[in-house]
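First comes the structure, then the notes that go with it.
The values are calculated or read from the model by the stated rules, or taken from the named source; none is laboratory data. Computed from a predicted structure; not experimentally measured. Cβ sites come from the backbone with ideal geometry, for glycine too, and all protein chains shown count toward neighbours. For accessibility, only protein heavy atoms count, side chains too; no ligands or nucleic acids. Shrake-Rupley method; radii C 1.70, N 1.55, O 1.52, S 1.80 Å.
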Amino acid sequence: KNLLFSGLTAMEKKLAEYKCNTNEAIQLKLVRFPEDLEDDNTTFNPEYSHQVFGDDEVAFGYKGLKILLYYIAGNLSTLFRIEYTSKVNEKFDCVEADDVESKIREIIPPGFCTNTDDFVSLLEKEVNFKPFGMLLHTYSIHNEEAGEDITYQIYKADMTCPGFREYHERLQTFLMWFIETASFIDVDDERWNYFLVFEKYNKDGATLFATVGYMTVYNYYVYPDKTRPRVSQMLILPPFQGEGHGAQLLETVHRYYMSSPTVLDITAEDPSENYVKLRDFVLVKLCQDLLCFSPVKLMQGFSQEMVTEAQQKLKINKQHTRRVYEILRLRATNMGDAEQSRSYRLDVKRRLIGPYKKKQRELAKMRRCLRPEEMTNQLNQIDLSMQREQLEESFQQLVSDYRRVLERLAQA
């Protein structure tokens, strides 16, 4: 028995050596110059690969596995190659290696290169690549490393732009690696709008464009003659993250819809924490100069005037306007003053307690139709002192989030 057992562990150990973490194995690059291919500094890895390789994000059957996915910086023509130092041998180990190639092929569109020479010759044609659609906004950001200002542009595109459909297929593959619950969209539905960010860069005296990120927005129909654009996906590619492009993109998209009389307000689908922080910053920046948000009015509390003005002028919905109000009121409040800080705390907590109150109303209804023992079970879940603690915790968390938004605003 012991022999069998030790045999197993040896086998297990051996097989364990053939497991690779796919987040490390997948190497992504956005290539501008041939020398980028050899430069490790231009490589970045996925944050997620569970949608392609399962929840444990492991590929079995290889040692030293590298899954190379290199993209030409602008038009995203792709090089896909797999390298490894050794692979399990089916005859000898009675196990089969994962078919890594077909898993990747499921998410990247056909027409990719498999060898470097083809890829480099495509790189020479990149000078012909131009952004798709209509230019909405140009901005520049000072780059410390380069010691100069770099120019970026935001475009609105749609599927009628020649070549955009194929380009979008390549672009959306990045979602799988950087958005936890990503899914591909139905591009044949004409209600989608696409907003793209590009960087202008120089190569041999010519001006080229590199893809920085993008956002997709779905235009929901609202009876009788309005639409409610809903932000679906937004991704700034990792080499460009933390430079302020997300805020530029979201503000540009808001301004684009602001000018449209048929748009009611803008919402978002299942927003991440990071997106909410970004949105707070952009909306507060847009709202801070509205008359209804003057310090005097902020101190008088949340008002219908704020809701109306933010919706009509800036296409911001009521729920988001309320957050903007709380952030701007925090800025106008002297939290060192007992009276002012108490008034602010009560105001925010009154909103936070809304869902609890709703739950209690539901309980009251249940009381009328449940047996007593079922009832106690339900009641136990809502203990008042726990409620107060949770409420205080939520409040403190909010205030610290709000302060970060205000700090960023002060620097903007």
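Quickly run through segment 46-59 and pick out the residues that are surrounded by 18 or more Cβ atoms within 10 Å (Cβ to Cβ) and either among the aromatic types (Phe, Trp, Tyr) or part of a loop (DSSP other than H, G, I, E, B) (or both). Of everything in segment 46-59, those that are surrounded by 18 or more Cβ atoms within 10 Å (Cβ to Cβ) and either among the aromatic types (Phe, Trp, Tyr) or part of a loop (DSSP other than H, G, I, E, B) (or both) turn out to be Pro46, Tyr48, Ser49, Phe53, Glu57. When residues in segment 322-348 are screened for being part of a helix (DSSP H, G or I), open to solvent by less than 40 Å² (accessible area, probe 1.4 Å) and touching a Phe, Trp or Tyr at 6+ places or on another chain (Cβ under 8 Å), 10 of them pass.
Look at Leu69 and say whether it is assigned to a strand (DSSP E or B), within 22 Å of the chain's Cα centre (by Cα) and either at positive phi or modelled with pLDDT of 95 or more (or both).
Details: assigned to a strand (DSSP E or B): yes; within 22 Å of the chain's Cα centre (by Cα): yes; either at positive phi or modelled with pLDDT of 95 or more (or both): yes.
Yes; evaluated as a whole, the condition is true for this residue.
Within segment 268-296, residues that are under 18 Å from Leu398 (Cβ atoms) reach partners that are of a type in the set (Gly, Ala, Ser) and open to solvent by 70 Å² or more (accessible area, probe 1.4 Å) with beta carbons closer than 9 Å, at six or more positions or on different chains, in the pairs Phe281/Ala412.
Here's the yes/no breakdown for (1) of a type in the set (A, V, I, L, M, F, W, C); (2) outside any loop (DSSP other than H, G, I, E, B); (3) in contact with an Asp or Glu (Cβ under 8 Å, 6 or more places away or on another chain):
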| residue | (1), (2), (3) |
| --- | --- |
| Leu235 | yes, yes, no |
| Gly242 | no, no, no |
| His254 | no, yes, no |
| Leu278 | yes, yes, no |
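Whether any residue in segment 391-400 is modelled with pLDDT under 90, out of contact with any strand residue (DSSP E or B) (no Cβ under 9 Å at 6 or more places or on another chain), more than 30 Å from Ser140 (Cα to Cα) and part of a helix (DSSP H, G or I) is what I want to check. Within segment 391-400, one or more residues are modelled with pLDDT under 90, out of contact with any strand residue (DSSP E or B) (no Cβ under 9 Å at 6 or more places or on another chain), more than 30 Å from Ser140 (Cα to Cα) and part of a helix (DSSP H, G or I). Only a single criterion out of (1) open to solvent by 10 Å² or more (accessible area, probe 1.4 Å); (2) assigned to a loop (DSSP other than H, G, I, E, B) is not satisfied by Leu76, namely (1).
If the condition is being closer than 22 Å to Arg351 by Cα and outside any loop (DSSP other than H, G, I, E, B), then segment 283-303 contributes Leu283, Val284, Cys287, Cys292, Phe293, Pro295, Val296, Lys297, Leu298, Met299.
So which strands (runs of 3 or more DSSP E) are wholly in segment 111-222 and hold at least 3 residues that are under 30 Å from Ala25 (Cβ atoms), hydroxyl-bearing (Ser, Thr, Tyr) and within 23 Å of the chain's Cα centre (by Cα)? Write out each step before concluding.
On the way: elements: 134-143, 148-157, 192-203, 206-222.
Per the criteria, 206-222.
Quick one: is Tyr71 open to solvent by 30 Å² or more (accessible area, probe 1.4 Å) and either hydroxyl-bearing (Ser, Thr, Tyr) or touching a residue at least 12 places away in the same chain (Cβ under 8 Å) (or both)? Explain how you work it out, then say what you get.
Details: open to solvent by 30 Å² or more (accessible area, probe 1.4 Å): no; either hydroxyl-bearing (Ser, Thr, Tyr) or touching a residue at least 12 places away in the same chain (Cβ under 8 Å) (or both): yes.
So Tyr71 fails the test.
Restricting segment 91-110 to residues that are in contact with a Leu (Cβ under 9 Å, 6 or more places away or on another chain) and part of a loop (DSSP other than H, G, I, E, B), which is most open to solvent (accessible area, probe 1.4 Å)? Of everything passing the filter in segment 91-110, Val95 is most open to solvent (accessible area, probe 1.4 Å).
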